[in-house]
Amino acid sequence: MKKINLANEAETKRLAEAIATLSQAGDIFLLTGDLGAGKTTFTKGFAKGLGIEQMIKSPTYTLIREYETGRLPLYHMDIYRLTDGASDLGLDEYLEGDGVCVIEWGHLIKEDILTPYIEFFLEKTSDVSRTFHMEASSDAANKKAQALWDALAKLDWTVEDE
């Protein structure tokens with residue numbers, strides 16, 4: 001498994017910004033990590049990488065926030081408080097739309113996502129440092145994940161094999 005070590009919050013944002021610059025319409029990214037692992041911090045960096053200058057807030061109570069001012073629309077979702085599953089949310093219009101979906105706590109609705117996605121994992125290694133790795137949901141998503149790893153390595157990120 002490949003991973004990147006992130007020394008602090010600034011590196012988490014910088015990594016997310018780099019991934020956003022490599023993203024395309026229709027990409028779906030699930031963000032998985034414990035409370036305080038940096039999921040919303042990651043999304044703030046991701047939005048910056050898309051050229052979105054609005055303040056990014058966690059959509060914990062609204063479930064979905066849309067940001068349309070960047071290179072691509074960003075659909076930021078937080079599924080943590082979802083109680084009845086995702087089938088009634090109308091996620092298909094977002095998942096199959098012209099933007100990029102970033103879904104915090106997305107692992108809670110994996111079975112409802114039929115479109116290929118990549119899951120990003122943020123794991124605390126200290127109060128400020130994290131490790132980042134990703135897993136793909138399909139062969140198509142795996143090709144995209146490998147392309148992301150390769151591009152990140154070319155951008156001077158240290159990609160380690162675990």
Quiz prompt | Over 25 Å (Cα to Cα) - which of K110/K154; K57/K144; K2/K57; K57/K154; K3/K144; K3/K48 fall in this group | solution = K110/K154; K57/K144; K2/K57; K57/K154
Exercise. Return, ordered by residue number, the residues of segment 39-58 whose backbone nitrogen is under 19 Å from a label point located 7 Å along Cα→Cβ of T21.
Key: 42-54
Practice problem: In nm, give the distance between the simple-model label positions of E135 and E162, each being 7 Å from the Cα along the Cα-to-Cβ direction. | Solution: 1.0
Quiz prompt | D127-R71 FRET efficiency (beta carbon distance; Förster radius 41 Å; 0.05 resolution) | solution = 0.75
Self-check item: Using alpha-carbon coordinates, inclination of helix 39-49 to the longest axis of the chain, degrees
Solution: 80
Quiz item: For A10 and A151, FRET efficiency with R0 = 22 Å and r from the beta-carbon atoms, rounded to 0.05?
Solution: 0.60
Quiz item: Roughly what % of DSSP beta bridges within the chain run antiparallel, to the nearest 5?
Solution: 55
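Here, each number is a calculation from the coordinates, and none is a lab measurement. Predicted model, so just to flag it, every value in this text is computed and none were measured. Heads up, the Cβs are rebuilt from the backbone with ideal geometry, glycines too, and the neighbour counts pull from every protein chain shown.
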